[in-house]
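Student: My structure is below; once you've seen it, I'll send some questions.
The values are calculated or read from the model by the stated rules, or taken from the named source; none is laboratory data. Only a predicted model underlies this, so the values are computations on that prediction, with no experimental measurement involved. All Cβ positions, glycine included, derive from the backbone under ideal geometry; neighbour counts span all protein chains shown.
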Amino acid sequence: MKTWKLVSGILSIILFVFVAFQSCAAGVGNALAENGESGGSAGIIVAVLLLAGGIVSICARKGGRGLNIALIVIFGIGAVVGFTMAGSFADLNIWAGWCLINAVLAVVSIVKQK
């Protein structure tokens, strides 16, 4: 699990850049279309949670149970926000899926440590 946490942390930090730029573009599109959707804003929240989760994931590879719980909370919130607020910003479902995968694997890591 140490290798997975390092890899997922690095990928999450890299994905932060893509999700942030994509969410800014989606937010501008929502504002110009005046459609009342909040997919771009939700994408920015998911991007920040990806960054935070990536940093915690890199730190959690040698850590204990508390850091895994933090990963579950951070990536879990990112998944919930992404899935519930995506709207027409369909790519946000992909990023929320990545958050869900990381949250589930943090649960697996806790179970495996016992």
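Student: So, of the residues in segment 43-55 that are in contact with a helix residue (DSSP H, G or I) (Cβ under 6 Å, 6 or more places away or on another chain) and hydrophobic (A, V, I, L, M, F, W, C), which turns out to be surrounded by the most Cβ atoms within 10 Å (Cβ to Cβ)?
Tutor: Checking each candidate, the answer is V46.
Student: Moving to a separate point now. What do you reckon, is I45 in a helix (DSSP H, G or I) and touching a residue at least 12 places away in the same chain (Cβ under 8 Å)?
Tutor: When the stated conditions are applied, I45 passes them.
Student: Scanning segment 6-29 for residues that are under 30 Å from S109 (Cα atoms) and aromatic (F, W, Y), which turns out surrounded by the fewest Cβ atoms within 10 Å (Cβ to Cβ)?
Tutor: F18
Student: Tell me whether segment 22-31 contains one or more residues that are small (G, A, S) and in contact (Cβ under 8 Å) with a residue 40 or more places away in the chain.
Tutor: yes
Student: Working only within segment 56-74, note down all residues that are modelled with pLDDT of 95 or more and surrounded by fewer than 17 Cβ atoms within 10 Å (Cβ to Cβ).
Tutor: Across segment 56-74, the qualifying residue is only V73.
Student: Here is a follow-up. If we keep just the residues of segment 80-114 that are part of a loop (DSSP other than H, G, I, E, B) and of a type in the set (G, A, S), which is surrounded by the fewest Cβ atoms within 10 Å (Cβ to Cβ)?
Tutor: Filtering first and then ranking leaves A90.
Student: For G40, are the conditions met, namely being part of a helix (DSSP H, G or I) and buried (at least 18 other Cβ atoms within 10 Å of the Cβ)?
Tutor: yes
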